Every structure is written in structure tokens, then in C-alpha cells.
1. Let me know the shape class of chain B, please: from the alpha-carbon gyration tensor, a ≥ b ≥ c as square roots of the eigenvalues, rounded when a/c is under 1.5, otherwise prolate if a/b is greater than b/c, or oblate.
2. Tell me which lysines have Cα within less than 23 Å of B:LYS20's Cα, excluding those fewer than 8 residues away on the same chain?
3. Which of C:VAL85, C:VAL43, C:VAL201 moves the most in a Gaussian network model of chain C with Cα springs under 10 Å?
4. For B:ASP734, enumerate residues with amide H under 5 Å from its amide H, sequence gap 5+ or separate chain, H modeled in the peptide plane.
5. How much length, in nm to one decimal, is gained on full extension between C:GLU13 and C:SER259, taken as 0.36 nm per residue of separation minus their Cα-Cα distance?
6. Label points 7 Å out from Cα along the Cβ direction at B:ASP77 and A:MET1: separation in nm?
7. Considering only B:GLY468, B:GLY10, B:LEU37, whose Cα is most displaced toward the positive end of the charge dipole of chain B, charges sitting on Cβ of Lys, Arg (+1) and Asp, Glu (-1)?
8. Calculate, for B:THR115 and B:ASP170, the FRET efficiency according to 1/(1 + (r/R0)^6) with r their C-beta to C-beta distance and R0 60 Å; round to the nearest 0.05.
Amino acid sequence: MQLVLTVNGTTYEVEARPTARLLDVLRDQLGLTGTKEGCAEGECGACTVIVDGRAVDSCMMLAVQARGKEILTVEGLAQDGELDVLQQKFVEYGAVQCGYCTPGMLMSAKALLMGNPVPSEQDIRVALAGNLCRCTGYTAIVAAVKAASGQDTRPLMEMPVEPGELAAEAVTDPDTLAAACGIVEAETGQPPGGPCSSGGSSEMLGFHSAPEGGE
Amino acid sequence: MTEDLQYVGGNYPVHDVAQKVTGELVYGSDFSVPGMLHAKLILSTIPHGVVKRIDTSRAEALPGVIKVFSHENAPMDGFSRARIHPGQDMSFYDETLFSEHVRFVGDRVAAVVATSRATAEKAAALVEIEYEELPAVLTVDEALAPDAPAIHDGGNLLFEHEIEKGERPDLEGAVVVSSCVSTPRIHHAALEPHVCVAQGHSTGGMTVWTTSQGVYAARTVIAELLGLEYHRVRVIKLPMGGSFGGKTEYIIEPVCAFLAHATRRAVKLLLDREECMIATMVRPATRTTVRTACTPDGRLLDFGAASTLDSGGFAASTPDYSIHMCKKVTKIYRVPHYRHEGRVVYTNTPVGGAARGWGAPEMIAASEVHMDRVAAALRLDPVELRLKNMVEPHDTDLVTGLPLGDARVRECLERGSVAFDWAARRARPAGRGRIRRGVGVAAGAHKNGMYGAFPEASNASLKMNEDGTFVLNASLHDTGCGVVTTMRVIVAEVLGVHPDLVAAGEADTATTPFDYGTYGSRVTYVVGECARIVAEKVKDRLLTAAADLLQEPVERLGVADGAVHVRDDRERAIAYRDIARLSQMRHVPSIAASTTYYAVSNPASYSVQFAEVEVDCATGLVAVTDFLAVADVGRAINRGMVEAQYQGAVQMGIGYALYEHLDVDEKGRAGVDGFKNYHIVNAPDMPDVQVLLVEHEGDDGPFGAKSVGEIATVPTAAAVVNAVNNALGTELGDLPLTPERIIAALHGEEVAACSSC
Amino acid sequence: MTQTQVLTPASLEELVAALAQATPQTRLLAGGTDLVRELRRPVREPDLLVDLTGLAALSEVRLEEGMLHIGALATFTELQWHPLVREHALCLSLAAAQVGSTQIRNAGTIGGNAANASACADGVTALTALGAVVITVDGAGERRTQSLDDVVLGPGRTSLRYDEAILEFAFPPLDAGHRSAFAKIGSRTAVSVARLSVALVVRFDADAGVLSEARVALGAVGERAFRASELEAKLVGRAADDETARLFADGCVAAVEASIPGRYSLPYKRHAAVGLAYDAWNMLALSAPSEPAWT
């Protein structure tokens, strides 16, 4: 059947089986695979999304039931390339290991903070009781949610470096570089181009940080 | 090692954290290839029997169904899911892709391949299977009964072993204590279900995408079973949502590969939670009796153990697992005489196999619960008793004969006792009311790779890019706890660049060098040292090149911040990228190195853990109110992630002690089918776990680092059980300590007992 | 194969029209927390799904003509926080708060809880103590009012016909003289199916210093939640003291024993009932907290 769904502010028209779960439509038809399936019975919370402001298990909801509602998934948290404060704190507090529970954790935490901007630790643990994690023991996750609500300011982890940020750090001083270029020229009989043809090196290199995930 | 470290010991998130928090990372379960088919397993519904008839006609008539495979049209050669390299001992080829003789509820009988998952599921329900039922044996005691039906040719006693070391001392006047502890079958509960995608190529070769812990091992099993040359089978590791040992053995990979090979199509096999629970692998159930003799003042004279391990329907890795149970106690305590006999027994229950700690959580539960009984018998404090017997650094392991290395278990216990305020807490009365409080301690030991068992080694290459960034090429298998980051930090430390300027990918048999995989707590200690050495080699090449360019001897040069500098004239520094580009002019197109590293030792890693509990005597529910884990890690490469991994390991151990068990009913069916009835500890029941690191970097790992991931969960359950027994004055030893067991013990009612004690 | 048809009525009239099309293969869908799981592997594909979640009016809670009406589509989250429920049916709010996880409470409805008829349904246990009636409508537009006991028959069994939907529950509101409580024992602190639950409603006559009314419902023992009427009778006329607490606990134990004789779970539940009873009793806050005597 034809369905019109609003996900992360975008309206989609999809053809789906009437008994398709919201989870299936998000993953298989909209390609939004950030929402995970861990148990298919509303126990692990990996599939948590926010529907009209409330956290629900998308494995327990038919897609038809989400018609006309505002659906927010993990893909909709970051705005204009800026991580949501919760995402940021999950990184800074080391709350992510295998990461399979992370999207659901983020959505449960987001729904909590939408209704309760300064939750107690107990509020946080109860809000996350339906999100299982096997890697972290929840300590870092609870701390990250506290931090996102301004209640903890001791981040543990270094944030990953933005591409290009480290580019200018290592610069050969001009005299040393000139001397080195001279040695190469003497050795090869050819003036080395590249780094030697202008005063510095960094601005001309089109430097990029390490590729994600390796080569 | 006293040098200042710039990156080692810092706090780094897992390498793919940005993709994980945005939902962008493609896990195995998210992975697809165009035209991919979907497979659904059909599992035995009876614990023991023979398939008499399979009628696939109704299923195959369904539009979209490609074919149904079973023992009738699939190879029936035996394979071992635990065979990680071709020459491996202890491989039991007792399993086939599909069973004709089914041996447990959950045994694979058939698989449907169809164009969609929904169609495959629908078709699976239409396959009619007729069984001839055979009598089933559901416990090791039933299996070992004289007239028990044989589950495999050769009987139900799969494997027996015995070890005796040291001299039996004079036991005159010794205090003898006996105890028995049983540990449950548990589900690893990685949040991502098991998944595999395989593409059969028209050439007869194939590509397999797996979320397992060893691509070369997967290739061994698949290639041998399908009769393919190894180079035709390419296995690629995908990001995975946890493993905890549950994805260490090759269960669905050979099945999925066969389906893809037979159809010459791409096939995805994604299990559901119930299938993960009953049809993959469980932590095996064990029962261990311990008998010790010690002097009246608490010195161990003799330690004897007898353990029985329930292998379930197939052998998997359980014989080796059982053998390792013998190698734990003598890593912790000096014992003049140690004797251990083990039996591994087939039953008609889900298959046991690899699980985090590989026999250590099971054995440590038995030995450390026992140590508290000894302490009680001698009226000694449990910490005091342990301190009287613990090994010292550089002792030799009585059982393995290997040096224990810079073994700091004693320091862990001493420092932990202070940090936990053990003496004061232990002296506090448990209370007489409804809520009783207690504290417990336990020490655990584990290993660092497989040195001593076979030539433990790893391979790696490292190259510098033209811009001064680096690419490490090694067969890494990150289960989610930061293996890739660990390697990047190690390389970065050697080369003096930020870890984010070092790229490292995961394993791919076509492009990354041979490695055994993430097994046996070997990755940081062995693969990490390999990475360190290859980084040193690249550093040598960089220094050599820089020495020419700077006209300085290598000895005067150092590296830092992405440049080679003259040590006593740091202004004179040449950036790596300039070295790279100038080297290309000098006919050195790439600064790179490869290495093979052979491990030279296998020291022990230790953890001592302290638990405080409150027991509700009315409901039998236990709250773990405080927890301290002390970790002898040698050196933390990534401090934040070591702590985080410990916190998670404690979650698993608390579940092992209190909640988790996968029992079967009288018909052999698992009493659980999902997280609704299989409870892992959730956020409200987890204490904030404190982690205290003991760092002496005295061993041969990179920068002195030792293993973390497995040892972290080894003593947890024992510490919790000891705390409950302290609170209640009980001698509970059957895990998990469910409310039923606690209430029964408190009321002196029939406790589900260790039947062999 | 014909596809399942889905109807999402938005008004009572549309609901009746939808129910008129129902057959024995039709399923009514509310919060989905039980049905959606079942639909993944249906014994038989439903011909028609009537999605009730479009009926906004059915999630209302209101006081009308001396009765508190709880719409069948009210979610557990709504019941947990609704001021009328907290004031006039505290045990229902407390029960709702202990259902499943946040996600399940956000989706699961009280009507679904009753229609699914699990013996462990926390909402049903509370409604039983509150003496609720069930108001339904069928495909002919006929409304019926029945007692909860006549609707919820046993595990998965109700008297509801395939074309009959629960509209709401109604019961006399508790007033300022009442105290009520709900307690449950699961296998962990949060997100656990009840292994034993109790809903307790009492009226305390401050002048006479005695309980003038007592209602006790036990859940997760036996086929469905039930009132422990013998125990209720014993409580009336007693002071709110430790002795009554003990009598209440003993009565709960006796009711558990009578309900599941010989059952595997009895040895545990009969002991746990003591703790459960004291938890519920202390929640009433009629006296200083009581504790069972320990040896």
C-alpha cells in the first residue's frame, strides 16, 4: 500500500506491505539503516526512534501507524553537519564501543532531554532501561547524557581531528628545506620541484587527514 | 620503560565513532550487494532424532523461492567450526552444513534461499519435516549414564584430560575444604545478530563478508569444506555489533558460503535473536568440584579440581576450552601440587564454544568461590588468605611452565583493598533486616596470546603517504572495543604523529597479511607489538632518509610532531611530507616496511574485583551497589577505552552471577527465546563501575601493554557470588544466583544442588 | 494471496463501520507492542487490520457522572502522569509506571493490555482492584458494559468477539479517604514481566482508626488477575498497624498458595508474596514502614 511518511523533516512516499513495521520501511525502503534491529520484540531498544516527541521501538510499530506523524531517526540528529550535543558527548565520554546500541540510546536520550532538560541520574537510567548494551556497562553512556544536559563537564576522550586540521602542524623551516633541496639537486642533477619550488610546503599540498577506515 | 609517551595512555574514542553516532556506519546486518538473495534457516524442533523426510514442494512453489537446501542436496562432509588454521590440533569434524541426524533443538536442518527475507521466512514455514525421534540426553549426568543413547559415534564422553604438576606435600594436620560450583550456559548477547553475506561468482570463486573475528580462519573452514583453492575465497571483515566470543567460530559463514556457491548468487544470512540464542553457540555450562588442603594458617598445600563441561550437540572448541580451565589457578596462587581432571560431554542441547575468557570465568568462579570457603573454614579474611598465597612477579606458572612475567596480581589486591576500603566494609554487619549487605572479592587471571601452544605470530606492513600520513596494513578484526584505534595509537607513538594521521583498515584475505584474528587475548600483545615493530622499521627508514637530507648522523635525530628533528637543535626539522617528496626525487618512491613478529612470551594478565551487594531477603533480588575492578594491564594504550571495556565486562559478569542462564526444558527446548525472557543487566541495575589500573609495563607487549578484553570479565561473577554469600551467610555456588535459589537457601528449602558433589 | 487491508478509523462511526467488515481473521491494532511481534510470523495473515490509533478520543481520561473513564487507547505513559489517574486511581498510575520500558509505555495501551489478556498484565491487575467495567462497541454499533472479569478470561483469552473493540474502562474514582498502591516483583528492577503483582485499595476511617474498605487484586499468579476476597473481608475493621500488615502479608501468601497449588513457581512465589505485600502496604503510608519479622 501507498504510505506517506515524514522522516527527519522530509516527506517520503513509499509502497509498503500493510503489515510492514516502521523499522523495515526505514531500513529497507528509505535506506535509513542507522536504526538497528537487535531483538524484534521491543526489548533491546536498538530500533528506537522518536515519533511525535516520544521514544518508541520501531520494531513494535507498523509503518501505517506512523502516517501523519513526525518521525525522527538517528540520521536526523545532526543538523547541517553539526553533531547534536548528545552525539558530541557520546564521542567525548567514550560511550560508544561496538556502537550497535548507540542510535537507539541516542534516540531514547534525545526524547528524555526533550521532555526533561535536566534529568537526574535515576531519570536517565530509567529512560534508558529499554536500551540494552553489552559493551559499556552504561557508565559512559549515563555520563554522556548528563554532560549533554550540562551536568558533567569532564570529558574523557579526545575528539577525532577534523580533516585538514593537522595539515599545517609539521612545517619544515625554510633554511632547512632549502639545504635539503640543495642536497637532492646535487645528488640527482635536477632541481627538485614540489616542496622546493616555493617558500613553504604546507599551503601547496592539498593536505588531507587520514582516510576514514583505511585503504 | 621510562620515556615520556605522547599518545600512548591517552583517551581515544573508537576509530569509527563519528560514523557510529550518526548512524552512517554499514554493519554486517546493513550490508547488501545488488541482486542479493536472502536465506532462512530451518532448525530442528526436537532434541534428538533423524530426519526421515523433507518435503520442500510447497515452499519451492512459492514465488520468489530459489531453492531449499538440506542434507539431501548439500555436501555432508564434516567440518569443525573452531578450526582457525589448517594444521590445527583439536578440531572435531562432527558437524555438517545441515544435519540428517539432529542433535539439539536448534540444529540446522535446512535453509531456504529466496528473493526476499519475508519470502524466505514464509517458505521456511512451508517446509515439512518428518523426524524419527531418538531418546535425548539433556544433562551431562544423563549423557554419562551407562545406557545413555549415543549422540555421536564413540559415545557421549567427547574428551577427557588430566594434568598433575608439582609434588604432593605431606598433608598431615592440613585443613581440607571441598566445594562445588556450577556455571550456566549463557548467550553472548552481542546486540547485532549473527550475519554473513556471500557472493558466489560465475568463475567458481567467492567473496564472503563476515562479522567474525578471523577472516583467515573463516577462509580455512569455507575453502576446505567447499573444496575451493584458498585464493578463490576472499573473506572480508565488516563492522560488527559485538561478539564476546560468540562470533569467533564459523557457524553461519560456511552455510552462507555454500548457499552462495550453489546458487552462484549473492546470499545474505541474517539470524534473528532466537536463532542466535539456540542455533549458534553458548558459553558452555560447567560444573567444577574443588578440593584443597592448606596449613591451618592458610597456606595452600594442594589444589585439586575436577570439571565437567557440557559441550552440547557438537564439539566446537569445547575440548580446548576445557583444557584451558586447568591453566588459571596456578597463574594466581603458588600451589605446591595441582591436579585437574576435565571431562567434556556431548548432550542434546545448544552447542557450547568460545566465549569471552575461554574457560577462565568458569574456572575462576569455582576456584574463587572456593577460596572464600577456605577463608571461612580458617576464620581468615578473604583478602588475607589470598595474599598469603598469591604469586610474585616473575614466578613460573606451575601448570604451563611458562614465566608469568611481571605478574601484579598481589599489587592489584593490595591497592584494590585500600581503594575499596575493604577492611571496614567487610567488618560492617550484614544487617538482620530484610535488606542484607555484603562485600566480596575475587582474583582472576588470563593469558596474552597463544605463545607456548604454537608459533604465535603476526604480520604487518606500514607505508607513509606522500603527505606524511601513514597506512597500517594488518589483518585487524575490531569487535567494537577499539582494536583499530589501539593500533593507530601504537604506530603514532613510534612515529611521533597524531593517531588520526595513521589509517588502519580491517582484515581482508585478498589485501591484508595473514593473521589468526581476534582470539586468545592476543591482539594488543602480539598484533600490537607487530605494529610497533613495523613502525620502528619505518621510523628507521625515515631517519635514514632524513639523515641524508639534514646531513646529520641518525643518532642525533629524533621524531616528533610529524617531522624528523636534530635532537639538540630542534629548529632544524624536516617534515615527513617533505622527506616523502624529496625521497621520491631520490628514487625512493615509498617509505614503507613489512614485518613478521613472533611472540616471545605469554605472561598473565590479572584483574582483582570487589563487589558490594544488597540482597532483599523477601524477594531474593540482588542489587550490586558498588563495584571496583583493578586491572593489571601492563600499560594502557588507550586509557579511556580500557576503562570503558572493563565497565562493560563487569556488566557481563554481573549477569553471569545473577541473571543469565539458557536452560532447556524436558523436551530440550530453550526456556528463552529472546531478551524478553533472557535478561541482561540494564541501566537501572548497573552500578557505576570504578576501574583502577596497575601499570608496570614489564612484559613484551607494545609499550608494556597486556591484554584487557577477556580478563576484564574473568573474576566478576565470583566477586558478586562471594558478596552475596557474605551478606547472607550462605554457601551458594550454583550460578546464576536467581531469586529462587536465594529464597530457597534462606528458607533451608531444597536448593538446586550440584548433583555430583 | 490477498493483501491485508488496513482501516484507520478516525471517529466512532468509522470504527463501527470498520468493525462491521471484521471477520474472525481480523485483528485490532492498538499500541502494537504485542500484535506487531505476532504479525511478523502470523499463523495466518489477517484479512483486515483495524488500526485504532487514529481514534484520538479513545485516549481520553475523564470524570463523568461519578465515574472515572479511561480511554482504551490511553498509553501507559499517559496513565502514569495523568493528574486524574494520579488523584483518583493511584494504583493504576503506579502500575503503568512499572510496565516495560519507556518505549513500551509510550506505545502500549491499557485497552491492549486487557485485550491481550496476559496473566501478568500490570494494568489489568490495577483495574481489577479498582473494580473497573469494560465498555465495548461492536460492528452493529451496539455498546456493552461488562465487568472486567467477564471480559478477561485467561491467558490470551477474552470474551471479546472479533467485531468488538474496547472503548474504555470505567470505575468509581478513589477519593481523599482512599489510599492505593501497586507493587510487583520482576526479575530485575526495570523492564521485567511481573512474576507477582498486587494492587491494593483501602479506605481508612480516620475517626474510627480502622480500614473501612479493602480491595486486593493479585496478578501473575494463576490464569488472570483476581480479587482476594477472603483477605479483603479480614482487613476491614482493622487498625492500620504492624499486625494488619502481617495479616495482609499472610493473606497474600494464602491467596498465592490457593491459586497455584503444586506449580513449579509456588515455592518462590509464596515467600516472595511476603515482601511484595509489605512493599504495597508501606506504599499506603498509613503508618511507619513495616517489615516482616526475620529470623
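Taken together, the values in this text are just the output of simple stated rules run on the coordinates, not laboratory data. Please read all numbers here as calculations on a predicted model, not as lab measurements. Neighbour counts run over all protein chains shown; Cβ positions are idealised from the backbone, glycine included.
1. The shape class here is oblate.
2. A:LYS36, A:LYS89, A:LYS110, A:LYS146, B:LYS237, B:LYS247, B:LYS268
3. Fluctuation is largest for C:VAL43.
4. Close amide H contacts, sequence-distant or interchain: B:SER182.
5. Result: 84.3 nm gained on full extension.
6. Once both label points are built, they end up 5.1 nm from each other.
7. B:GLY468
8. E(calc), rounded to 0.05, equals 0.20.
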